[in-house]
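The values are calculated or read from the model by the stated rules, or taken from the named source; none is laboratory data. The shown structure was predicted, so the numbers you read here are calculated from the model rather than taken from an experiment. As a convention, Cβ positions derive from the backbone with ideal geometry for all residues, glycine included, and neighbour counts pool all protein chains shown.
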Amino acid sequence: MSPRSLTRTLALCSAPLLCAAQGLAESPAEPANDPAPPVPQQVSFSKEIAPILLKRCVGCHGPSEPKGQYRLHNYEALLKPGASGEPSITAGKPDESELYRLIGSSDADERMPREGDPLTIDQITLIKRWIEQEARFDGPDKLTPLAALVPKKPHPAPPDSYRVPMPITGLAFRPDGKELAVGGYHEVTIWDPATGALLRRIENVEQRTLDLEYSKDGMLLAVAGGTPGQSGEVSLLNPAEGTLVATLGQLSDVAFGVAFDPTGDRLAACSADRTIQIYDLKSRTAQSPIEDHADWVLGIAWNQDGTQLASASRDKTSKVFDAKTGESLATYSGHAETVFAVAFAADGKSVYSAGGDKRIHVWSAATAKPTATIGGSSGGVGGELLAMALVGERLFSGSADRTAREYKVADLTLAKSFGGHKDYIYGLSYSEPTKRLATGSFDGEVRIWNVEDGQPVLTFYAAPGYLSAQTLP
């Protein structure tokens with residue numbers, strides 16, 4: 001007999017003896033009533049329901065282009081009906097709740113999620129119990145994205161060694177140019193740009209890193225990334241120690257860009273949920289989101305005094321906002337294609353935006369009127385422009401034609417081209433102290449260039465263990 005069985009047997013055997021001993025000293029008791037059935041425990045929306053919706057539903061019913069016009073990326077949106085007009089949630093009445101009906105439907109053409117496996121019986125039962133219990137909300141704010149409600153869990157560990165190159169979608173020089181941060185799979189890697197040696201690996205970040213930026217003093221590294229269609233994150237790392245400092249924002253879809261303001265006191269982030277968020281780095285709090293774009297916000301930039309923000313979006317516009325109030329000040333609609341990247345001129349009077357139309361547009365931050373264009377009939381740009389960096393009098397672009405280019409800001413003429421990659425260039429960073437340009441491509445290679453003569457200095461795979469990260473010929 002096991003110890004556990006023995007304990008249970010002894011407890012059952014001793015019960016009659018205890019009752020008999022009590023009976024000798026006390027008068028007979030009235031027959032006991034049957035115990036009341038246990039009260040079902042209250043289902044937590046934040047801890048139990050939100051994780052299910054975030055993992056299985058938000059990908060198709062998020063804030064941008066939701067299927068059936070039904071959004072459930074936050075609690076308030078969840079309660080509103082979709083295109084059918086049927087109540088999605090009727091508190092206390094699961095059978096009158098369209099959400100419950102669809103997730104439990106036996107009709108494969110009707111059941112949700114439409115694509116992928118159905119929810120498990122346990123998940124459906126849990127959602128039913130939550131609705132029966134009046135569909136209560138237990139979070140801080142009904143507009144909070146589901147991703148921010150779900151208790152944060154450590155991210156999966158990155159692979160010890162990469163079997164294939166990791167596509168590079170974000171990289172950044174430290175301000176002194178002596179270290180280079182590169183996005184990996186659930187990690188950020190830190191490299192020596194002079195030798196290609198791996199210096200550090202920082203774990204516990206989202207699946208994909210889409211943008212990186214160092215603070216001016218190099219003490220913090222901001223990371224934007226996520227798992228497409230499921231979650232996003234804006235984080236601060238300590239690049240010297242290789243540790244996570246803080247998670248500033250958890251989102252319902254990927255974060256595409258981050259930018260420190262000129263003082264280093266605030267961080268702006270943009271994401272697939274169509275919003276721009278500004279975080280106060282001292283209090284680690286967020287101001288009200290800026291919600292003016294109709295689609296993904298892919299790029300973000302501050303002006304020279306931190307009073308304005310410029311954005312780039314998949315809705316084919318670039319905008320300027322008041323950083324304090326979030327008010328839209330100017331909208332440039334001249335691209336007619338997705339806008340991937342944006343930058344303010346040094347004086348804050350002009351904005352540079354680049355995108356799918358294979359042009360760099362220069363326009364007034366005050367009036368949104370165009371003043372110049374690079375590309376088109378004038379040539380010199382290549383394919384779709386996926387990345388851009390404006391530093392002083394140097395303007396750099398990364399293109400789908402596998403080439404990076406430098407332009408002179410003074411006259412917008414082409415200065416140099418940096419070729420050699422085998423795939424799209426998404427990562428781009430320039431170091432003024434070292435006069436080096438780093439380019440990262442979907443082919444997994446990082447290339448370091450001497451900007452003065454346009455010659456390559458170093459090429460390596462930013463994937464620890466792949467080819468032993470050896471320098472390529």
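Some observations on this one:
- Exactly one residue out of 423, 357 is in contact with a helix residue (DSSP H, G or I) (Cβ under 9 Å, 6 or more places away or on another chain) and assigned to a loop (DSSP other than H, G, I, E, B), and it is 357.
- As a summary of the residue check, residue 368 satisfies the conditions (1) within 27 Å of the chain's Cα centre (by Cα); (2) touching a residue at least 40 places away in the same chain (Cβ under 8 Å) except for the one numbered (1).
- Test result for residue 312, modelled with pLDDT under 95, under 23 Å from residue 400 (Cα atoms) and under 26 Å from the mean Cα position of the chain (by Cα): no
- Cβ separations smaller than 8 Å between residues 6+ apart or across chains give the following pairs from segment 134-147 residues that are closer than 11 Å to residue 72 by Cα to residues that are β-branched (Val, Ile, Thr) and outside any strand (DSSP E or B): 146/58.
- Test for residue 195: is it surrounded by fewer than 24 Cβ atoms within 10 Å (Cβ to Cβ) and either touching a strand residue (DSSP E or B) at 6+ places or on another chain (Cβ under 9 Å) or modelled with pLDDT under 95 (or both): yes
- When residues of segment 249-295 are limited to those that are under 22 Å from residue 365 (Cβ atoms) and among the aromatic types (Phe, Trp, Tyr), the one surrounded by the fewest Cβ atoms within 10 Å (Cβ to Cβ): 260
- Among the residues of segment 135-144, some residue qualifies, meaning at least one is over 25 Å from the mean Cα position of the chain (by Cα) and not in a helix (DSSP H, G or I).
- Selection within segment 64-74 - part of a loop (DSSP other than H, G, I, E, B) and out of contact with any helix residue (DSSP H, G or I) (no Cβ under 7 Å at 6 or more places or on another chain): 64, 65, 66, 70
- Restricting the first member to segment 294-323 and to residues that are assigned to a strand (DSSP E or B), and the second to residues that are of a type in the set (Asp, Glu) and buried (at least 24 other Cβ atoms within 10 Å of the Cβ), the beta-carbon pairs closer than 9 Å and six or more apart or on different chains are 297/273; 299/211; 300/211.
- Counted residues, segment 241-254 - those being at negative phi and in contact (Cβ under 8 Å) with a residue 40 or more places away in the chain: 9
- Checked against the criterion of being free of Cβ contacts under 8 Å to residues at least 60 places away in the same chain, crowded, with 16+ Cβ neighbours inside 10 Å and aromatic (Phe, Trp, Tyr), segment 125-133 has no qualifying residue.
- Selection of segment 208-237 for residues being under 13 Å from the mean Cα position of the chain (by Cα), of a type in the set (S, T, N, Q) and at pLDDT 95 or above yields 209, 235.
- Residues within segment 121-134 that are in a helix (DSSP H, G or I) and touching a Gly at 6+ places or on another chain (Cβ under 6 Å), tallied: 1
- Sub-7 Å Cβ pairs linking a first residue in segment 424-436 that is at negative phi and assigned by TED's automatic domain parsing to the domain that holds residue 404 to a second residue that is hydroxyl-bearing (Ser, Thr, Tyr) and in a loop (DSSP other than H, G, I, E, B), at least 6 apart or interchain, are 426/169; 427/169, ordered by first then second residue.
- Put simply, of 151, 118, 113 the only residue that is assigned to a loop (DSSP other than H, G, I, E, B), closer than 29 Å to residue 285 by Cβ and modelled with pLDDT under 95 is 151.
- Flag if residue 346 is in contact with a Gly (Cβ under 8 Å, 6 or more places away or on another chain), not in a strand (DSSP E or B) and not charged (D, E, K, R): yes
Here's the yes/no breakdown for (1) in a helix (DSSP H, G or I); (2) within 16 Å of residue 110 (Cα to Cα); (3) not assigned by TED's automatic domain parsing to the domain that holds residue 271:
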{"site": "40", "(1), (2), (3)": "no, no, yes"}
{"site": "51", "(1), (2), (3)": "yes, no, yes"}
{"site": "55", "(1), (2), (3)": "yes, no, yes"}
{"site": "58", "(1), (2), (3)": "no, no, yes"}
{"site": "62", "(1), (2), (3)": "no, no, yes"}
{"site": "76", "(1), (2), (3)": "yes, no, yes"}
{"site": "86", "(1), (2), (3)": "no, yes, yes"}
